[in-house]
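Chemist: This is the structure I want to talk about, given as C-alpha cells.
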Amino acid sequence: MKERLQRILAPLVVLIVLLLLWEGLVTLFDVQQFLLPKPSAIVSNLITRDASATGEQLFRLGDGLVFYRGAGLNPILAAARFTLKEALGGLAMGVTTGLLVALATARWLALSEALLPFAIAVNSMPIIAFAPIMNNWFGIDNPFSKMAIVALMVFFPIMINTTRGLMLVDANSLELMRSYAASEFEILRRLRIPNALPFIFSGLKVAASLSMIGAIVGEYFGGPRIALGVYITQEASMFRFSSAWAAIIIACVIGISLYLIIVLLERLCMPWHSSFRSS
Amino acid sequence: MTHPAVSIQNTNMIFGQGTSNEVQALKDIDLTIEPNEFISLIGPSGCGKSTLLRVMAELISPTGGTVAINGKSAHQARLDRDYGMVFQAATLYDWRTVAKNVQLPLELMGYSTAKKRERTREMLELVELSDFAKHYPWQLSGGMQQRVAIARALAFEPSILLMDEPFGALDEMTRERLNMELLDIWRKTKTTVIFVTHSITEAVFLSTRVIVMSARPGQITQDICIDLKQPRGTETREDVSFFELEKEVRDALRASEKMGAGH
C-alpha cells in the first residue's frame, strides 16, 4: 500500500515542481505571452465558466445550434466534448470494421496472407493526408468527415494486429485442437481469438492515440467553430496563446485518458497476461 | 472380439515426396500394440519416433500403409476421440486456469456442467494438483504444468494415451517422480500408453515393451519385452534384471545407430 502510494505520489510531486519552475521562470525572465504563456494563465482559461472573452469569440462565430449546445460550458471543454465525440465515433467504426475484416479473412488463411502486405503498406502511408478529401466528401461541418478519417487511420493497426494474433498460433496448441477433432469454429473461439487478445490490445493502444490525432488534425483542415482543432488554430492566429495552449493541454489529457482506459480494459480482459505477472 | 489398440502395417512416411529434399521419415513400419500395454518408442533424434506417434494420432497422414486404432481407421479414431495427447511442451492455454485447461476437451465434447466439474476435480486429484485449480499455468513449475497436461489428456477417458517426450524438458528428480506418478495413473486408468523418449532408463522403467528405432530411414530395429515385475517402484531400479534390460536396450540402440550410419 505504501509502495503504491509512493508510485503515484512521486510523479505528481515532479509534475508540481516542474509547473512551479515553469511559472517562476516565465515571470522571472518576463517571457512574452506568445512564446510561452504561464501555467496559471493557461489554467485560468479552463476554469472560466461564463462568457469570457474567448468564449464570446467562439460562440459569436458559431451558428445558433452550436451556441445553444455550448452555452454555460467552458468553451474549451465544449469544444473538447465535440471533438471527443468525433474521435470516439471514428474509433468505434474503425475498430469494428478492423476486427470484422480480420475475423472474416482469418477464416480463409490464404486470403489474409495475401491481404496483409497491402494492409501494412497502406498503414505506413500518412493517412491523415486524406483529411481534406474526407472534408469534401462528407461536408466540412459534418462530424462524420472527421469520424471517417479517424476510422480510416484506426482500421489498419487493428486489422493488422488482429490478423497476426489469429494466425500466430503455437503449432502444438493447434495440434492439440486437432487431436480433439475440434471444428474450425471451435478453434477460432477457444484458441485463435484468446491468442489474438494481446495483439488486439496493442492495436487498440495505438488506435486510441491515433483517434484524437486524427480528429484534431482533421479539424485543422476545417470544421465547425465548436471543434477543438478549429479553436486551436483560431486562437493561435489571433495571438491568444494561453487559450490555445489550454486547448492543446485538454487534447493531450483526453488522448492520455483514452490510452489509460484501454490499459485498464486490457487488465480486466487478460488477467493472465505475462505483462501483469510481477504483481 | 477385442481389437489391438494400435495396428500399423507396412507404413511409410516420406516428407517432400518428389522434391530434391525428400526425406523418408518412416520405412516399412509394422507394429501391433495390445490394450493396456505400456510401449516406449526410443531411438536417436531424427529416427521418426515422433512422426510415428503423429501418424497414430492422425496429425499427419502416412504416404503408404494402413494404420488402425482400436480396429478403426486413424481418422475415425481421432473423430471418436480415442486418444489423449501429451507433448514435450505442456501446451497449456495461458488464458485458462489449471482447472479450465483440464476442462478444455470436455467443453469440446459437450459434457454437462456437473460432469465437467466432477471430471476436472477427479483428474486434478489424480495428478495431485487439487490446490492449484485456480492458478494460471505460468504460476506452476514445469513438472506441475506437465501433470496438468496429463490430467487434460485423461479427462475424457480416452483408451490410448500418446506421449511425445513428455518429461524431456524436466530435471532428473522431477522426471523420476513423474515416472512413478505416470505408472500409478496407468495402473488406475488401464489406458494403453505409447511413450516417446530419449532416455533408456525411463523407457525400461516404465514400459512393458520397448521399441528401438534407427534413423534415416526411420525403421523399427528391435522389439524388447520388459518383463520386470509390476507394480514397479524404487526397488525396480536396483533390480539386477533392470540393469540387464537397460544394457540390452543400449546395445540395440548402438546397433541401430551403426545401421543408420551405413545408409
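Here, each number is a calculation from the coordinates, and none is a lab measurement. None of the values given here were measured: they were computed from a predicted structure. With ideal geometry, Cβ positions are generated from the backbone for all residues, glycine too; neighbour counts draw on all protein chains shown.
Chemist: Rounded to the nearest 20 debye, what is the charge dipole size of the range A:117-251 about its Cα centre when +1 sits on each Lys and Arg Cβ and -1 on each Asp and Glu Cβ?
Modeler: Charge dipole of the range A:117-251: 100 debye, to the nearest 20.
Chemist: Using +1 at the Cβ of each Lys and Arg and -1 at the Cβ of each Asp and Glu in the protein assembly as shown, identify which of A:Ile193, A:Asn123, B:Ser50 lies farthest towards the dipole's positive end.
Modeler: A:Asn123
Chemist: Using the charge dipole of chain A (Lys, Arg: +1 at Cβ; Asp, Glu: -1 at Cβ; taken about the Cα centre), state which of A:Leu176, A:Leu265, A:Val31 has its Cα farthest towards the positive end.
Modeler: Going by the charge dipole, the pick is A:Leu176.
Chemist: May I pose another question? Please give every one of the lysines within straight-line cross-link reach of A:Lys205, meaning a C-alpha to C-alpha distance under 20 Å, and leave out same-chain neighbours fewer than 8 residues apart.
Modeler: Straight-distance partners of A:Lys205: A:Lys85, A:Lys146.
Chemist: Set the Förster radius R0 to 30 Å, insert the Cβ-Cβ distance between A:Met238 and A:Asn123 as r into 1/(1 + (r/R0)^6), and round the FRET efficiency to 0.05.
Modeler: Efficiency, rounded to the nearest 0.05: 0.20.
Chemist: Skipping prolines and chain starts, which residues have an amide H placed within reach, meaning under 5 Å, of the one on A:Gly222, given they are 5 or more residues away or on another chain?
Modeler: For A:Gly222, whose amide H was placed from the backbone, there are no distant partners under 5 Å.
Chemist: What aspartates and glutamates could a cross-link reach from B:Lys115, if we take a straight Cα to Cα line under 16 Å and drop same-chain neighbours fewer than 8 places away?
Modeler: By straight Cα distance, B:Lys115 reaches B:Glu107, B:Glu125, B:Glu157.
Chemist: Another question about this same structure. Given the range B:130-263, what whole percent of its Cα pairs are spread farther than 16 Å?
Modeler: Pairs farther apart than 16 Å: 67 percent.
Chemist: How many partner chain Cβ atoms sit within 10 Å of a residue's Cβ in peptide A:176-188, on average, as a whole number?
Modeler: 5
Chemist: I would also like to ask the following. If you rank A:Cys269, B:Cys47, B:Cys225 by fewest surrounding Cβ atoms within 10 Å, what's the result?
Modeler: B:Cys225, A:Cys269, B:Cys47
Chemist: I would also like to ask the following. Given a cut-off of 32 Å, what percent of all Cα-Cα pairs of the range A:50-271 lie beyond it?
Modeler: Cα-Cα pairs of the range A:50-271 separated by over 32 Å account for 30 percent.
Chemist: Something else now. With θ taken as phi - 60° and the coefficients 6.51, -1.76 and 1.60, list the Karplus ³J(HN,Hα) couplings across the range B:73-86 in order, rounded to whole Hz; mark glycine and proline as x.
Modeler: 5, 4, 4, 5, 4, 5, 4, 7, 6, 7, 9, x, 10, 10
Chemist: Considering only C-alpha atoms, what is the centroid distance from the range B:93-108 to the range A:168-237, in Å?
Modeler: When both Cα centres are located, 27 Å separates them.
Chemist: What list of ³J(HN,Hα) couplings, whole Hz, do you get for the range A:158-167 from phi and the Karplus terms 6.51, -1.76, 1.60, once you set θ to phi - 60° and write x for glycine and proline?
Modeler: Here the 3J(HN,Hα) series is 5, 5, 5, 5, 5, 4, 4, x, 6, 8 Hz.
Chemist: Another question about this same structure. Who wins for biggest fluctuation among A:Leu174, A:Leu258, A:Leu88 in a Gaussian network model of chain A, springs between alpha carbons below 10 Å?
Modeler: Result: A:Leu174 has the largest fluctuation of those listed.
Chemist: What is the magnitude of the charge dipole of chain A about its Cα centre, with +1 placed on the Cβ of each Lys and Arg, -1 on the Cβ of each Asp and Glu, and no other charges, expressed in debye to the nearest 20?
Modeler: That gives a dipole near 540 debye.
Chemist: While we're here: In sequence order, what are the phi-derived ³J(HN,Hα) couplings for the range A:147-153 according to the Karplus relation 6.51 cos²θ - 1.76 cosθ + 1.60 with θ = phi - 60°, rounded to whole Hz, with x for glycine and proline?
Modeler: 3J(HN,Hα) across the range A:147-153, in whole Hz: 4, 5, 5, 5, 4, 5, 5.
Chemist: Using only Cα atoms, locate the centre of the range B:1-77 and the centre of the range B:197-263, then give the distance between them in Å, rounded to an integer.
Modeler: 19
Chemist: Kindly provide the helix-only [θ] at 222 nm of chain A, computed as the sum of -39,500 (n - 2.57) over DSSP H runs of four or more divided by all residues, to the nearest 500 deg cm²/dmol?
Modeler: Rounded to the nearest 500, the figure is -25500 deg cm²/dmol.
Chemist: Which one of A:Leu152, A:Ile216, A:Val206 is farthest out on the positive end of the charge dipole of the range A:50-271, using unit charges on Cβ (Lys, Arg +1; Asp, Glu -1) and the Cα centre as origin?
Modeler: A:Val206
Chemist: To the nearest 20 debye, what is the magnitude of the charge dipole of the protein assembly as shown about its Cα centre, counting +1 on the Cβ of each Lys and Arg and -1 on the Cβ of each Asp and Glu?
Modeler: Around 1480 debye, computed over the protein assembly as shown.
Chemist: Could you state the principal axis extents of the C-alpha atoms in the protein assembly as shown, from the largest down, to the nearest angstrom?
Modeler: So the three principal-axis extents are 99, 56, 50 Å.
Chemist: Please report, ordered by residue number, every helix of chain B (full DSSP H runs) that is 27 Å or longer along its axis going by C-alpha atoms and whose mean Kyte-Doolittle hydropathy reaches -0.5.
Modeler: Membrane-span-like by this rule: B:240-261.
Chemist: What is the fewest-to-most order of A:Val14, B:Val98, A:Val101 by other Cβ atoms lying within 10 Å of their Cβ?
Modeler: Taking fewest neighbouring Cβ atoms as first place, the list is A:Val14, A:Val101, B:Val98.
Chemist: Also, quick follow-up: Using amide H atoms built in the peptide plane, which far-off residues or other-chain residues are under 5 Å from B:Met213 H to H?
Modeler: Hits under the 5 Å cutoff: B:Ile42, B:Gly43, B:Thr221.
Chemist: May I ask for the distance between the Cα centers of the range A:239-262 and the range A:3-35, given as a whole number of Å?
Modeler: The range A:239-262 and the range A:3-35 have Cα centres separated by 17 Å.
Chemist: Under a straight-distance cross-link criterion of Cα-Cα below 19 Å, which lysines are reachable from B:Lys27, leaving out those fewer than 8 residues away in the same chain?
Modeler: Correct list for B:Lys27: B:Lys49, B:Lys258.
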